[in-house]
1. Determine which single condition A:SER270 fails, assuming it passes every other condition in (1) over 29 Å from A:PRO217 (Cα atoms); (2) out of contact with any Lys or Arg (no Cβ under 7 Å at 6 or more places or on another chain); (3) more than 9 Å from chain B (Cβ to nearest Cβ).
2. Looking at the stretch B:189-223 only, could you name the residues that are small (Gly, Ala, Ser) and closer than 16 Å to B:LEU249 by Cα?
3. Just for the stretch A:1-53: of the residues that are crowded, with 23+ Cβ neighbours inside 10 Å and among the charged types (D, E, K, R), which one is nearest to the other protein chains (Cβ to nearest Cβ)?
4. So is B:HIS204 in the same structural domain as B:ALA155 (by TED's automatic domain parsing), out of contact with any Asp or Glu (no Cβ under 9 Å at 6 or more places or on another chain) and modelled with pLDDT of 95 or more or not?
5. Is there any pair with a first residue in the stretch A:406-429 that is outside the structural domain of A:SER353 (by TED's automatic domain parsing) and a second that is surrounded by fewer than 16 Cβ atoms within 10 Å (Cβ to Cβ) whose Cβ atoms are under 6 Å apart and which are 6 or more apart or on different chains, and what are they?
6. Regarding the stretch B:305-316, can at least one residue be identified that is modelled with pLDDT under 95 and not β-branched (Val, Ile, Thr)?
7. Can you spot a residue in the stretch A:394-402 that is polar (S, T, N, Q) and within 33 Å of the chain's Cα centre (by Cα)?
8. Here is a check on your reading of the model: is A:SER16 assigned to a helix (DSSP H, G or I), modelled with pLDDT under 95 and within 23 Å of the chain's Cα centre (by Cα)?
There are 2 protein chains.
Amino acid sequence: MKPINVGLLGIGTVGSGTFKVLQRNSEEISRRAGCAIRMTVVADKDTARAKAVVGDAARVTADANEVVNSPDVDIVVELIGGYGIAKELILKAIANGKHVVTANKALLALHGNEIFAAARAKGVMVAFEAAVGGGIPIIKSLREGLTANRIEWIAGIINGTSNFILSEMRAKGAAFADVLKEAQRMGYAEADPTFDIEGVDAAHKLSIMAAIGFGIPVQFEKAHVEGISKLTQDDIRYAEELGYRIKLLGIAKRKATGFELRVHPTLIPSSQLIANVEGVMNAILVKGDAVGQTMYYGAGAGSEPTASAVVADLVDVARMLTADPQNRVPHLAFQHDQLSAVPILPMGEVETSYYLRLRVVDKAGVLADITRILADQDISIEALVQKEPHAGEQHVDIIMLTHLTQEKKIDAAIQRIEALPVVDGKITRIRMEALQ
Amino acid sequence: MKPINVGLLGIGTVGSGTFKVLQRNSEEISRRAGCAIRMTVVADKDTARAKAVVGDAARVTADANEVVNSPDVDIVVELIGGYGIAKELILKAIANGKHVVTANKALLALHGNEIFAAARAKGVMVAFEAAVGGGIPIIKSLREGLTANRIEWIAGIINGTSNFILSEMRAKGAAFADVLKEAQRMGYAEADPTFDIEGVDAAHKLSIMAAIGFGIPVQFEKAHVEGISKLTQDDIRYAEELGYRIKLLGIAKRKATGFELRVHPTLIPSSQLIANVEGVMNAILVKGDAVGQTMYYGAGAGSEPTASAVVADLVDVARMLTADPQNRVPHLAFQHDQLSAVPILPMGEVETSYYLRLRVVDKAGVLADITRILADQDISIEALVQKEPHAGEQHVDIIMLTHLTQEKKIDAAIQRIEALPVVDGKITRIRMEALQ
């Protein structure tokens, strides 16, 4: 298969992430796509910045028209943002018969219907997984994964900046203005944070999800939009006392007479999984009549998380361009002749930490014997708790948490410890994972 | 577009769910797929049971060969389960050039490589979203949504029965054997629960996810498999004291020398979102090098949740059969000429409940005035808290939670309450959602 050539418009945070991911994972990506996907030309006004990222790997130009007009470019990735030049360039790319991948939620929320119509007329794809929820494949899940369902509602934490601010206000008891300043310092909020904190960005994303979920045109202008700038510490504390958390939610709901479309601070029961989504993370809860509730969680912004979605769209287009039924998406994700022979490791080689519980006779020297055996196997102990003996019993429970070690080492240690005369019965061993 | 004809093998729990969802949502499904998808023939040994479900809407036969050999059937849905007859029928369907949709994780875990090779040779699709995580689109997310990533690890709660038992053991302090009996009574565990509680079912699913995530063949036979039947109340309690929850996880992890593939009870920090997934729900955490952690949550089993995945596969195949680039998956999920004109409701029509906070002069009759205004608007109060006045202050905070009402009613009430001379300043209003 001949390689797919990608032209990039705008190499800021997400653009450079996209370039890096395509380079770093080129082998895995082409094993999945069935052909190489390479970025051949990058347009950015700041050509020095662009060159610093791409080096000699791609041509750099200050003229975006070079990208959208180039006969060598198969797919144009638009990462400029905004409504003006970005729209013009996307329409030009479409007119030139190029597929388009964009992360531009503002543009799609306001002009999506027009852009999609232009793409249909030319028979090209416009893909926009990166427009909602960063790297979370929420567009694909709504558009392809939940097609069996009548979608009843969608409720999402879809603006990381706001969620970070609300999380910090709750955790630290700090005021909105102070946390906003901290968020700006950490790069989680922009110098002009209006779109994030006033709910506009969330409403852009919500109107796109609502269109896909309900089968209606994109209607950002009909959304009720309310942000978090007026929330006080009092409200967060009172809500907590009543068993709730306050989150900025985008909500789209099917009703008998129409659809609700609204972004506003919302009290949610603390017991809900989505109420516990903290910091800059995003999560979208979708209620379908067949599937019930499903939730999608991940980083909603950032260079490589968003690039993950951009590149997934590129692979989608590449697979479509090579499409014949068995080949568009390979059964096992990677092309069938590209499966790897790297082995599954035997359990003895697996590395994890361990919870160990054992019953021992409560007398001097027992702990020394046990810890000596562990030390002999290079197993170090993170925590050790000796429980009080039950009334009238000679035996006590000892619980130990180990640091990372190998399964075969713990096997050997357990065998030796169980052989100690002071140890009663079998040792219970449960593996631990921090999932970090 | 001519309709797609589906033949069903086995109309048990998932099969009848699939039939019902296809019927109930036929209009939305064909608006998405671009053609009608109809179940025309059902094979089940128990023809009476089959007829009770499908009525006159489909032909019923006791002979499964009629389905896989029928020239009228485009897609065969296999929901018999097991390794014997199911495998034989799938291979026959493939040999006859039919696409196959299956939920049979056991079969794919043991014979997937052979089945996929047969499908490739005949140029047909074998889709199996329903094999892992019920209605959660995890196969699609791994195979299409995260294609940019080098997958580092996958860790999932992928057996609802085990998770229900562990949740109940923790919540009620009950013993494994008692909770297992309760689960059997509630239909969450089978008469022979071995596959669920001993980790075999989870290992089937894990070996499929690992293949897709890492680009390796399906290798169930290499998995380490350990269940929950030996877990005691002591361990659950001790883990809790140390800040952990015990979950049955399927873990697939990339290491320098190979891949780990293991199912076992696992201590996870309680602060992790996935540690708080309770009952029969499933959740899969995926770590990719670009996207970071993403999580997918939903019902992992059950009639309609699993049917949701089966039907999504049917739509996928249908869209592929009609494929030209702009048409396979429409931009807005529904075919462009099938968007609905149902309106977005004005905010005044939106129904929700409310958190209200107001400052009032602390004197008799104030509450009566306020509650009278709310009653005039038919707004009923779920909770009302009057805070103690701060030292030396005449004003107190009142916090109210209302029952469901309309935004325009609360607007009217707020306007009247704010006009009361005893009320100080503006009322804070935050909307509430139970997300049930």
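The values are calculated or read from the model by the stated rules, or taken from the named source; none is laboratory data. All values derive from a computational prediction rather than experimental measurement. Glycine gets a Cβ as well: all are built from the backbone with ideal geometry, and neighbour counts include every protein chain shown.
1. Checking A:SER270 against (1) over 29 Å from A:PRO217 (Cα atoms); (2) out of contact with any Lys or Arg (no Cβ under 7 Å at 6 or more places or on another chain); (3) more than 9 Å from chain B (Cβ to nearest Cβ), the one that fails is (2).
2. Initial filter on the stretch B:189-223 (small (Gly, Ala, Ser)): B:189, B:191, B:199, B:202-203, B:207, B:210-211, B:213, B:215, B:223.
Listed by number, the residues that qualify are B:GLY199, B:ALA202, B:ALA203, B:SER207, B:ALA210, B:ALA223.
3. In this case the residue turns out to be A:ARG32.
4. Working: in the same structural domain as B:ALA155 (by TED's automatic domain parsing): yes; out of contact with any Asp or Glu (no Cβ under 9 Å at 6 or more places or on another chain): yes; modelled with pLDDT of 95 or more: yes.
The answer is yes for B:HIS204.
5. Note: no pairs meet the criteria.
6. Yes, the stretch B:305-316 contains at least one residue that is modelled with pLDDT under 95 and not β-branched (Val, Ile, Thr).
7. Going through the stretch A:394-402, the residues polar (S, T, N, Q) turn out to be A:394, A:402.
Still in the running and within 33 Å of the chain's Cα centre (by Cα): A:402.
Yes; the residues of the stretch A:394-402 include at least one that is polar (S, T, N, Q) and within 33 Å of the chain's Cα centre (by Cα).
8. Numbers: assigned to a helix (DSSP H, G or I): yes; modelled with pLDDT under 95: no; within 23 Å of the chain's Cα centre (by Cα): yes.
Taking the combined requirement at face value, the residue does not satisfy it.
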